[in-house]
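This report concerns only the one structure given below.
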Amino acid sequence: MELRHFLFIAGIAMAGVTLEGCTAAAAQQAKGQPQSDVELVVFANDFAMVNDVRNVSLRSGLNDVSLTGVSDMIDPSSAVYFWPEGKSHDVVSSTYERGLQSGRDLLAANIGKRVSLVYRGQDGRVAEREEGVLESANPGDIIVQVGDKHVFNPDATIEVPDSDGTATVPTATVPGLRAQIDSKSSGVDTLGVSYLTRGLSWSADYVAVLPADEEKMDLQAWATISNRTGTTFNASSIHFVAGSPNRSAIAGLSKDEGVLYSNRQMAELSKSADQKPRQIESLGELHAYPYEARATVSPNQDSRVEMLQANVGVSRDYAVRLSSLGSYYENYGRPEQRVPATLSIAFKNSEQQGLGSPLPAGKVRFYEPGKNSALRYIGAAGISDTPKDAKQTLTISNVFDVYAERTVSQATRVDIDKHTVSRTVSVTVHNEKDHAVDVRLVQDFYQNWKIATESVESKKISAQMAQWTVNVPSGGQVTLTYTVLLK
């Protein structure tokens with residue numbers, strides 16, 4: 001009888017019994033059909049679709065084919081089989097074997113079967129071997145019938161037989177699919193299986209290098225793929241999908257549906273010309289980045305790959321958001337605490353600005369070049385999914401040397417309406433930079449409002465908000481004065 005040895009993990013050791021073994025990878029190669037072509041369609045929220053194509057050897061009639069190396073977190077009900085070369089074989093049933101997850105499971109699967117007890121000397125060599133029938137595999141209560149005696153909790157290694165009819169196929173520790181195939185002929189053919197799984201996810205992030213006082217930034221987009229499936233996907237093509245599909249209706253998703261962002265390379269992050277993306281393709285109402293490179297996605301790893309590079313035209317926006325102003329304001333004549341300006345970077349996702357491709361949502365980290373080409377971190381912002389030709393404004397930090405102070409210099413009740421109050425406001429903006437800057441002053445109002453007089457023309461940007469833009473010289477200050485009627 002052929003025996004296979006399995007390593008019995010010490011953390012679940014039972015009454016001194018151990019099992020010896022080969023590795024799961026060796027078992028997988030011995031029993032299952034290896035991967036030959038894998039495509040991963042990875043969504044952002046712990047969700048992916050796997051297209052796995054393998055060569056299978058078939059005989060005429062019914063065949064049991066084991067497909068190991070599938071995700072440990074597969075949705076078995078989503079498995080769909082296909083024949084890429086169009087041959088006429090029928091998959092009549094599909095079974096997902098969860099495998100034996102521990103030595104205890106392996107022993108339990110062999111109750112009533114013949115096993116071997118291997119006793120070793122102090123030098124580790126085999127001193128004695130007995131064969132018997134495993135009658136009980138409970139922890140601390142292992143019983144093997146050897147001839148006309150029962151051995152209770154033997155101080156020995158238990159070797160169990162390998163049987164193609166048990167759940168040890170695809171392997172004892174690796175789960176897998178088993179397909180029963182009705183073949184019209186004998187020979188080697190190509191079988192594909194598509195399935196949905198958890199455990200694969202991706203996220204986008206951006207690196208923006210923004211030289212001081214320039215209107216251009218170097219932008220890199222990166223994708224980080226996380227593999228928690230317990231499975232290695234070898235030499236895979238990978239598509240990063242922006243957006244969250246309806247999971248109850250995603251089972252029939254083809255590889256060409258969704259906004260696809262494919263990887264350049266998983267291991268090498270070089271910038272050679274032959275790795276640049278081709279022309280972006282239109283997929284119905286959506287878009288895709290078709291890359292040629294393939295990569296191996298290993299379990300328990302986060303791999304980061306570059307998706308695009310661009311030199312993007314930007315504008316800088318300095319803004320001061322003043323606290324809301326209502327009809328009740330107690331600090332008349334007293335200036336507010338200094339309110340710093342914030343710096344935002346605005347750009348348009350257009351070809352004229354150096355982009356023109358759909359951008360997935362993610363975090364943008366901004367850096368400024370320092371001495372010896374070193375980068376200095378200056379802030380970060382979140383970017384939403386951005387279609388072509390859409391605008392983005394990203395607020396990245398407070399500004400140390402541009403700030404404002406507001407004073408309510410007069411507060412009176414007007415005669416036209418006993419419910420209307422007049423407020424006269426002064427806002428002084430300071431600029432300690434070595435160059436002039438335009439600063440937007442943004443003011444919220446609690447009540448219905450109307451600007452009566454102003455030293456700089458305002459712009460109404462919402463029902464409760466107005467803004468003014470002032471140019472402040474280097475090392476100087478500018479004061480805005482306005483009167484507002486508040487109900």
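Laid out as a table, the results:
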| read-out | value |
| --- | --- |
| Residue count for region 185-210, restricted to those that are touching a Ser or Thr at 6+ places or on another chain (Cβ under 6 Å) and open to solvent by 30 Å² or more (accessible area, probe 1.4 Å) | 4 |
| Region 185-240, residues that are at positive phi and in a strand (DSSP E or B) | GLY187, ALA235 |
| GLN337 vs. criteria within 26 Å of ALA212 (Cβ to Cβ) and modelled with pLDDT under 95 | no |
| Residues being surrounded by 14 or more Cβ atoms within 10 Å (Cβ to Cβ) and either closer than 16 Å to PRO340 by Cα or within 41 Å of the chain's Cα centre (by Cα) (or both) - total across region 447-467 | 4 |
| Matching residues in region 338-352 - criterion: being part of a loop (DSSP other than H, G, I, E, B) and within 16 Å of GLN220 (Cβ to Cβ) | ASN349 |
| Hits in region 111-123 (condition: surrounded by fewer than 17 Cβ atoms within 10 Å (Cβ to Cβ) and of a type outside the set (Ser, Thr, Tyr)) | ILE111, GLY112, LYS113, ARG114, ARG120, GLY121, GLN122, ASP123 |
| Residues of region 374-410 satisfying the condition of being on the phi > 0 side of the Ramachandran plot and touching a residue at least 60 places away in the same chain (Cβ under 8 Å) | none |
| From ALA137, ALA79, ALA127, ALA108, residue being open to solvent by less than 60 Å² (accessible area, probe 1.4 Å), of a type in the set (A, V, I, L, M, F, W, C), more than 23 Å from LEU196 (Cα to Cα) and out of contact with any helix residue (DSSP H, G or I) (no Cβ under 9 Å at 6 or more places or on another chain) | ALA108 |
| Residue within region 52-61 that is acidic (Asp, Glu), in a strand (DSSP E or B) and open to solvent by 20 Å² or more (accessible area, probe 1.4 Å) present | no |
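The values are calculated or read from the model by the stated rules, or taken from the named source; none is laboratory data. Keep in mind it's a predicted model, so treat the numbers as computed, not measured. Cβ sites come from the backbone with ideal geometry, for glycine too, and all protein chains shown count toward neighbours. Quick note on the areas: whole protein, heavy atoms, side chains included, nothing else; ligands and nucleic acids left out. Shrake-Rupley method; radii C 1.70, N 1.55, O 1.52, S 1.80 Å.
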